[in-house]
1. Dipole size in debye (nearest 20) for the chain around its Cα centre, Lys and Arg Cβ +1, Asp and Glu Cβ -1?
2. Would you kindly calculate the translational diffusion coefficient of the stretch 387-507, applying Stokes-Einstein with the Kirkwood radius from alpha carbon pairs, for 4 °C and a viscosity of 1.567 mPa s, and quote it in µm² s⁻¹ without decimals?
3. Express the carbon and sulfur contribution to the solvent-accessible surface of the stretch 152-248 as a percent, rounded to the nearest whole number, probe 1.4 angstrom.
4. Could you work out what % of the accessible surface of the stretch 267-410 is carbon and sulfur, using a 1.4 angstrom probe and leaving DNA, RNA and ligands out of the count?
5. Could you grab the Rg to Rh ratio for the chain? Cα atoms only, Kirkwood for Rh.
6. Give a quick list of trypsin sites (Lys or Arg not before Pro) in the stretch 384-454 that DSSP marks as loop, anything other than H, G, I, E or B, with at most 14 other Cβ atoms within 10 Å.
7. Write down the accessible area per residue of the chain in Å², having rolled a 1.4 Å probe over the full set of protein chains.
8. Report the Cα centroid-to-centroid distance between the stretch 396-436 and the stretch 240-283 in angstrom, as an integer.
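The values are calculated or read from the model by the stated rules, or taken from the named source; none is laboratory data. Everything quoted here is computed from the prediction, not taken from an experiment. Here the Cβ is made from the backbone with ideal geometry for all residues, glycine too, and neighbour counts use every protein chain on show. Please note that ligands, DNA and RNA were not included when accessible areas were found on the heavy atoms of the full protein model with its side chains. Shrake-Rupley method; radii C 1.70, N 1.55, O 1.52, S 1.80 Å.
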Amino acid sequence: MAGVLLLQSSPPKLEDIQKKIFNKGALEFLANLHREFDYKIDQLYKNRLKTSVFLKSGVSLKFKESTERKNSSWKVAPLPSRLQNRHLDLGDVSAANAAHFTAALESDVQGIQVDFDDGHCPTWRNQLLAYNNINLVVHGKLPGAPISITTCPILMLRPRAWNMIDHDILIDGKEAIGPLVDFGILMYHNAKKLYEANSGPYFYLSKLEGASEAQLWNEIFLWAQTQLGIPIGTIKACVLIENIVSTFEMDEILFALKDHCMGLNCGIWDYCASIVAKFGDRKDFLLPDRNKYVKMDQKFLNSYMKLVINTCHSRGALATGGMAASMLKPGTDGTDDESKVIVNKVLEAKLKEIEAGVDGFMVYDSRIVPHINELWKKSGSTQNQIHRKLDINVTPEDLLLIPSGGVTMQGLKHNVAITILFIYHWLAGIGHFFYSGNVEDSATAEISRAQIWQWIRFSPALEEDTKQRVTLKLVEKVASNFTAHAHKNLCRSSAERKRLTAAKYMSLELFLCRNPPEFITTYLNDNHKFRTIHNKSLLSNL
């Protein structure tokens, strides 16, 4: 196919897989998909830039005065039977990790959020392995997995977000668009089979900024279903509301995806980071220590969650909460005292979400699944809570009310560690990692680096010692201390030590940017060091 050029040769031992995934039909489908939507995606990038400039000029956000919002009579299309109950998903599952993926397929959950983006790290090798494992499981051929896709939890496929360019593929002289590559390949190989099995294709859409982007996805869904000969409305998608702009356009987002919409999802740390990205250069938006002061019961987050629930339920859609990131110690079955404390904390937080009206949420650690299932049995006898309508009046001011509170040394150290470790793992081709009893991913790295950028800029005093302020010097000292400790306790080779040092300097670069990139993953994905590390074993096809 003349218009498509794979810029990378296949990684060692994956030659056959690459040929199978990117066969002639798939390449043609990808090329046509890009040609159809290339102009509109370029417009999307321009619109994001306009919004950013608009908000940085001191304008605040308001709810849209749209006909979709004013008209209370419309609902999203009815949900298929397998989507009526969305109580529990496993989150941050990378299909490139076959052992973790097959274990997830055996779990007693409704769905698996299969990540092709941040929680997975989209190297060429990871993408090929993940696409292949999805193809195998959908066609009943993945070793160790159920023989029929109908008996697996539903696959909630999460393509890369719009900020991710695929540097490995050139289409008509332009680098390919990450989400279109993921969506196109997954649809081309699996859509028909999933449709026949009444099991999809179902998607999570992340980092959407407003209803126009949901409208674009809807057009992509219509085009793909027509091309592949599956009925319109077969695709269903859950939109992650993790961008502050989208919170003001939720009715419009649901309307734009009306025939393809499953519901909306809350993602607290990405959401907070997007507030910093849009308004963080204003002192009244200085976010305090997140571990101490930024909790779901704070007015701005509580209002956001209630608004997501109410908007969804009034339109017949599902509202799901975020992911419980707590991890039990390796090797434990969850019955020891330490595990019980962790499990009880998770249950307490999730009970609050159920009582607030959510229809489901995610966990990372599958050992917590039986406890969550018990919780749902006790507190939610119905498949979902769409019948629950809240009597609320959320104002724009409520959504933008930054909680009061200070900065602690512990909070500073934690944010520095998370940023450095996320970059360290990403350079190794890994999208999430474990630290201090939690699974950490791009969402926590995003808020961590955003907070430190803000704290350096506004130099707040530390709560423990009001004479000491957050300065670049202090941040550098904390970063150097952490790196010295991690060199001894984490790194096992000189290559790993080099990578950790690089991660430290890249973190400092992010902390100091005059105009930081909106997404940490854009910075990493486009970074020369990351691309060099992952392509040195591959021959360029140029």
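1. On the way: 63 positive and 58 negative charges, 151 e Å.
Computed about the Cα centre, the dipole is about 720 debye.
2. Values: Rh = 16.2 Å.
D, rounded to a whole number, is 80 µm²/s.
3. Carbon with sulfur: 52 percent of the solvent-accessible area.
4. On the stretch 267-410, the fraction of accessible area on carbon and sulfur atoms equals 53 percent.
5. Over the Cα atoms of the chain, Rg/Rh equals 0.94.
6. Lys389
7. Details: 21840 Å² over 542 residues.
With the other protein chains kept in place, the chain gives 40 Å² per residue.
8. The stretch 396-436 and the stretch 240-283 have Cα centres spaced 19 Å from each other.
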